[in-house]
Every structure is written in structure tokens, then in C-alpha cells.
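Data first, discussion second: the structure below is written as C-alpha cells.
The values are calculated or read from the model by the stated rules, or taken from the named source; none is laboratory data. These numbers come from a predicted model, not from an experiment. Positions of Cβ are backbone-derived with ideal geometry, glycine not excepted, and every protein chain shown enters the neighbour counts.
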Amino acid sequence: MSLDPFGARLDDVAVRYSTSWRVTQQGTFSKATGGIALDGATSLFPAGAITGLLGRNGAGKTTLLSLLAGFRRPTAGTVRVGPEGSEQDPFENPAIVSGVQLVREAGDVLTDEKVSATLKHYAAARPRWDSDYADRLLDLFELDVRKTPSALSRGKRSALGATIGLAARAPLTIFDEVYLGMDAPTRYAFYDELLKDYAEHPRTIILSSHLVEESERLFEHVVVVDRGRILLAEPADDMRGRGTSLTGNADAVARLAAGHRLLHRQELGPTAMVTVEGPLTDEEAAEAADSGVAIGSVPLQDLFVHLTSTTARKESER
Amino acid sequence: MSATIDLDESGRLAHRRTMLAMEKRFGGGLLLTGVWYWTSIIFASIVIAVLQSRFSVLEGGTLQYVLGSTRWFLFTMGMILVAVTLPLHLASGGTRSSFVAGLFRSALYVGLANGIMAAALVTAEGLTWNALGWDWQFRQGLVPGGSFIVDAASETLVLATYILIGTLLPAGFQRLGAWGGSFWILALLAIALFVDWSVHSGYIFGWDPLVGAGTARTLLGLGGGVLAVAVTAFAVDRFYRDMPLRPALG
């Protein structure tokens with residue numbers, strides 16, 4: 001049975017954790033401290049697109065993804081996931097969660113049994129699991145199914161997660177920092193395989209990543225989370241056009257930047273380089289040309305860094 | 001509209017598929033470790049019997065001294081396996097509802113398999129002891145002298161209860177906190193004592209002061225066992241049905 005790609009929507013979602021105890025996979029108890037993970041998050045993850053989920057450590061990305069997979073309920077607000085026009089609350093909704101594959105950094109594998117045991121479980125539980133494709137990916141990532149995940153290196157465990165995520169062919173596939181420990185050739189093999197399979201089997205993919213520079217080519221849509229709030233959610237091309245860099249004489253650059261939100265500033269003697277939000281007007285562009293100020297675009301990673309940096313936050317609050 | 005119909009249908013299929021996958025993982029894991037457990041138990045029983053016969057201290061069979069460990073073995077395995085299985089089950093597209101259903105069915109059939117094994121061993125021991133001309137007795141059970149079906153049913157109910165109690169212990173700490181979880185252990189212990197007492201499967205005295213041996217006592221005992229399973233199953237449902245899977249803050 002095939003289902004259309006799933007979209008997802010969050011409306012004013014808050015998640016607050018209380019202090020709790022939990023049992024680890026080793027059978028011991030550990031105390032988890034409380035905190036606010038999401039605070040009024042509103043965002044859309046369009047169906048049938050690859051969305052990059054960006055945010056600094058502790059921004060709330062993992063919690064947000066856990067909500068989409070029905071791993072937990074929000075403290076407040078609503079979460080809707082499903083085919084366009086039929087979105088539903090994913091929590092305890094078998095039709096929805098069986099169509100969502102969240103690959104977490106932690107793995108969700110049987111750490112002390114052979115890799116093949118984990119794959120057998122996913123094959124039994126996942127309706128669209130492609131065993132042949134899983135075998136091809138295992139070959140690609142050079143994974144030995146006779147080993148236990150606990151005996152694999154960090155990179156190989158991540159490759160196992162990538163294999164599960166791709167072979168599940170879920171209408172909503174989510175990778176939460178799946179690249180951890182992977183070497184560069186494996187990461188690029190994963191990106192290529194992701195794009196190839198996405199083209200052959202269209203679905204919705206959310207990719208949470210800190211490696212913005214190397215994964216941004218995959219993104220059609222971008223959501224940036226910062227301190228539990230959605231900073232922006234828009235097509236990747238719109239985000240790429242958000243930032244403008246100005247390099248030249250410090251006074252001229254300061255004049256041009258005056259009407260814009262300043263994201264970043266760097267000075268070296270009489271020369272300054274600033275990043276401002278939004279494009280320049282035609283008049284400003286002409287003035288820049290007259291005063292010898294170079295106008296440039298800002299890579300997505302730089303823009304993300306500037307938007308979420310503590311300095312930018314303080315400056316915008318000023 | 002068609003998407004809604006597809007979703008309803010895929011929801012029903014997903015519930016069944018993930019429940020069976022969960023059952024295979026949890027119940028299959030318990031059965032697999034059970035093979036090792038029973039091999040050890042049979043070996044230990046034979047060694048004890050040989051030693052007892054050598055030193056002439058045979059006291060009516062050896063199984064009654066070792067069978068009690070089965071429930072604690074399954075209790076421990078239930079506690080460990082549940083911690084591993086819930087995240088895997090949810091990550092592979094299951095719901096807590098299919099998890100609870102798979103857990104309950106696993107507890108029953110694993111209890112049944114082990115219950116039949118225990119009753120069969122007791123019967124085999126009785127036949128062996130009698131054939132060797134040794135004095136054999138089994139002091140536990142609802143029927144004096146033992147009854148394969150009643151012993152198997154009793155053990156099934158006891159073991160299913162203990163498996164479910166094992167899964168409830170970590171859930172208690174997660175849902176009720178450190179202090180609440182500690183008091184929760186006492187509540188679980190009370191259920192364990194009740195089922196032992198009811199089917200007279202341990203050293204705790206059964207119904208003898210209230211009802212003499214007979215059909216009524218057997219039915220009362222088994223009814224108590226069914227009640228214990230029902231109470232623990234209800235608690236499993238309440239504790240796991242909306243259990244959040246907490247990620248590391250990120």
C-alpha cells in the first residue's frame with residue numbers, strides 16, 4: 001500500500017520537561033532534569049520536499065522531531081502530520097506513526113544483538129520496507145550484519161541508522177543528525193543515495209544537521225529553531241536571499257547598512273565586512289558601486305550562524 | 001476522502017503488524033532465554049537429586065525447591081526487555097497501544113509455555129521418583145498430589161503476572177518519580193504475594209484455612225490468578241498508554 005508524502009504542521013507548540021527517572025538499556029536508573037524545550041513553536045514542513053532543520057545545540061530540534069514521530073505529546077499547542085488535507089495528531093495514531101520514520105542520533109537498534117536482528121524487526125514492522133534496497137545500502141556503507149551495533153564504530157552505527165531510514169521508505173522520513181561519526185566519503189554517499197531514492201520514491205524528508213555547508217544543496221525548505229522558537233520557516237532559496245554582505249570602506253559600509261538589520265560585523269583597519277538582512281534597494285546598490293563597496297551573497301551556513309549567534313540576538317534586542 | 005479511507009485501513013493493518021513484531025521481539029526474547037533457563041534448571045535438579053541420593057537426604061523431589069526461581073527470572077527479563085523494546089517499537093512505527101497489546105499477549109503465551117514446562121517437569125519427576133521407589137511429594141499447588149492441567153494453569157497465571165510486574169517496575173519510576181516508584185514496588189509486591197497465595201504456587205499458604213481441597217478451592221485459586229493478571233494488565237495499560245519517550249534535550 002502506498003501513501004502520499006506526509007506533511008507536518010506545528011501550531012504554537014510548547015514542550016516542558018519535568019524531572020523524571022528512566023531506565024537505561026543497561027537496566028540502571030538515571031535521573032533526567034527538567035527544562036523548556038519548545039516555546040510557542042509554529043512551523044510547516046511541506047509534503048514532498050526535503051526540509052533542512054537547523055538549530056544550535058539545545059535549540060529544541062530533537063524534541064520537535066519527537067513530536068512529529070508521536071514519541072511524545074506537546075505540553076501545549078497542536079501537532080498535525082499526514083497526507084496533505086488529511087493531517088492528524090500523530091500521538092497514538094497507528095496510521096500516521098507507521099508512515100513516519102524517525103532515525104534518532106541514539107539509534108533505536110538492538111545494541112547487543114546482531115545488526116541483522118534489528119533489520120528483521122524493522123522489516124516486520126515497516127509496511128514499505130525494501131529488503132533488497134537495505135542489502136544494497138549495507139554493501140554501500142560496508143556494514144557487517146553479523147556484528148552487534150555496540151561493536152560497530154560511531155560512524156558505522158550512523159550508517160546503520162541511515163540504512164534503516166532509507167529502506168523504510170516512510171512517507172515522512174526524518175534523520176536527526178544521522179551523519180555523526182561518518183567519514184566524508186560515507187556522508188557524501190549518504191547524501192547521493194538520499195537524493196537518488198527521493199527522486200525514485202518521492203516522500204517528505206526532514207534532515208536535522210549541523211553540517212549546513214555540505215548538506216544545504218539537498219534542502220528545498222529550511223526551518224531554523226532557536227531557543228525553542230521557530231526563527232524562520234521558508235523555501236531554501238528565500239533564505240539564501242535573506243542575507244547580503246557588504247565589504248569596503250568602514251564608513252561607506254556603515255552608511256549602507258544603517259537601514260538594515262545588522263547580522264554580523266567584522267573590521268580590519270579601515271575595511272569592514274558586514275552581513276545585513278535582506279537585499280539592497282537599487283539606490284543602495286548604486287551608492288555601493290559609487291563608494292567601492294562590494295556586494296555579495298551569504299552562504300546558508302553563515303546566515304544561520306549570524307541569525308542564531310548570541311551577538312546577533314543581543315544586537316536585535318537592543 | 002480517499003486518503004482518509006487509506007489512512008483508516010493502513011492504521012488497522014499497522015496496529016496488527018507492529019503488535020506482532022513487538023510480540024516476536026519481546027515474547028521471542030523471553031522464550032529464547034527460557035531455553036537456557038530450563039536447561040540450567042533441569043541440570044540443577046538432576047545434580048541435586050544425585051547428591052541427595054548419594055547422601056541419603058532425599059526429601060520428596062527437588063523441583064519444588066528450584067521452580068520458584070522461574071518467576072523471578074521472568075520478572076527480571078521482563079524488566080530489562082521492556083526498557084529496550086519500547087524505544088525500538090515506537091521507532092519502527094508502532095504505538096503504545098500495539099506495544100501494550102503485544103506485551104500482554106507475550107506475557108500470556110510465555111507464561112503458558114513455561115507453565116506447561118513446569119507442570120510437565122513436576123509430572124516427570126513424580127513418575128521418575130516412583131519408578132525408582134523413592135518417596136515423592138509436591139507440597140505446592142491447588143490439587144493435593146498435583147494435577148497437570150491445574151499446575152500448568154496455575155504456573156501460567158503466576159508467570160504472566162510476574163512478567164507484567166517486571167515491566168511495571170521501571171514504568172513506576174518513570175511515571176511516579178523516585179519516591180513514588182519506591183512505594184509502587186510495594187504495591188507490585190502485594191500483587192506478587194497475592195497471586196502466589198491464591199494458586200498456592202510458593203511457600204505462602206493458600207486457601208486451606210478457608211476452603212478445603214476440591215473443585216471450589218481450585219476455581220477460587222485460579223480465579224485469584226486471573227484477577228492478578230487482569231489487575232497487572234490494567235496497570236500496564238494505564239502506565240504505558242501515554243508514556244512519553246523522552247529525548248535528550250536538543
- Go over the candidates A:G58, A:G85, A:G107, A:G161 one by one and state the one that is surrounded by 24 or more Cβ atoms within 10 Å (Cβ to Cβ) and either facing chain B (nearest Cβ under 7 Å) or under 21 Å from the mean Cα position of the chain (by Cα) (or both). A:G161
- Note on the structure: Note: among B:S53, B:S92, B:S106, B:S97, just one is modelled with pLDDT under 90 and among the polar types (S, T, N, Q), namely B:S53
- Query: If you check A:A258, A:A252, which single one turns out to be of a type in the set (A, V, I, L, M) and in contact (Cβ under 8 Å) with a residue 12 or more places away in the chain?
  - Reply: A:A252
- Hey, B:P144 hits all of (1) assigned to a helix (DSSP H, G or I); (2) farther than 24 Å from B:T33 by Cβ; (3) of a type outside the set (F, W, Y) but one; which does it fall short on? (1)
- Message: Residues to consider are A:G269, A:G243, A:G181, A:G228; find the one that is surrounded by fewer than 20 Cβ atoms within 10 Å (Cβ to Cβ) and touching a residue at least 24 places away in the same chain (Cβ under 8 Å).
- Response: A:G181
- Item | Flag if A:D130 is facing another protein chain (nearest Cβ under 9 Å) and out of contact with any strand residue (DSSP E or B) (no Cβ under 7 Å at 6 or more places or on another chain) | no
- Note on the structure: A:A167: passes all of (1) more than 9 Å from chain B (Cβ to nearest Cβ); (2) over 24 Å from the mean Cα position of the chain (by Cα) but (2)
- Residues of the range B:84-114 classified as surrounded by 23 or more Cβ atoms within 10 Å (Cβ to Cβ), touching a residue at least 40 places away in the same chain (Cβ under 8 Å) and small (G, A, S), total: 8
- Query: Only one residue in A:R73, A:R80 is more than 8 Å from chain B (Cβ to nearest Cβ) and among the basic types (K, R). Which one?
  - Reply: A:R80
- Task: Could you tell me whether any residue of the range A:287-305 is modelled with pLDDT under 90, surrounded by 13 or more Cβ atoms within 10 Å (Cβ to Cβ), assigned to a strand (DSSP E or B) and touching a Lys or Arg at 6+ places or on another chain (Cβ under 8 Å)?
- Result: yes
- Message: For A:R146, only one of the following conditions fails: (1) basic (K, R); (2) more than 10 Å from chain B (Cβ to nearest Cβ); (3) under 24 Å from B:M243 (Cβ atoms). What is its number?
- Response: (3)
- Yes/no for B:Y37 being more than 14 Å from chain A (Cβ to nearest Cβ), of a type in the set (S, T, Y) and surrounded by fewer than 16 Cβ atoms within 10 Å (Cβ to Cβ): no
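For the condition among the hydrophobic types (A, V, I, L, M, F, W, C), touching a helix residue (DSSP H, G or I) at 6+ places or on another chain (Cβ under 6 Å), away from chain A (no Cβ under 12 Å) and closer than 18 Å to B:A83 by Cβ, what is the one hit in B:L168, B:L188?
Matching residue, one of B:L168, B:L188: B:L188.
Rundown of residues vs (1) out of contact with any strand residue (DSSP E or B) (no Cβ under 7 Å at 6 or more places or on another chain); (2) in the same structural domain as A:D12 (by TED's automatic domain parsing), yes/no style:
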| position | (1), (2) |
| --- | --- |
| A:V225 | no, yes |
| A:G228 | no, yes |
| A:T244 | no, no |
| A:T247 | no, no |
| A:A250 | no, no |
| A:V253 | no, no |
| A:L256 | no, no |
| A:G259 | yes, no |
| A:R265 | no, no |
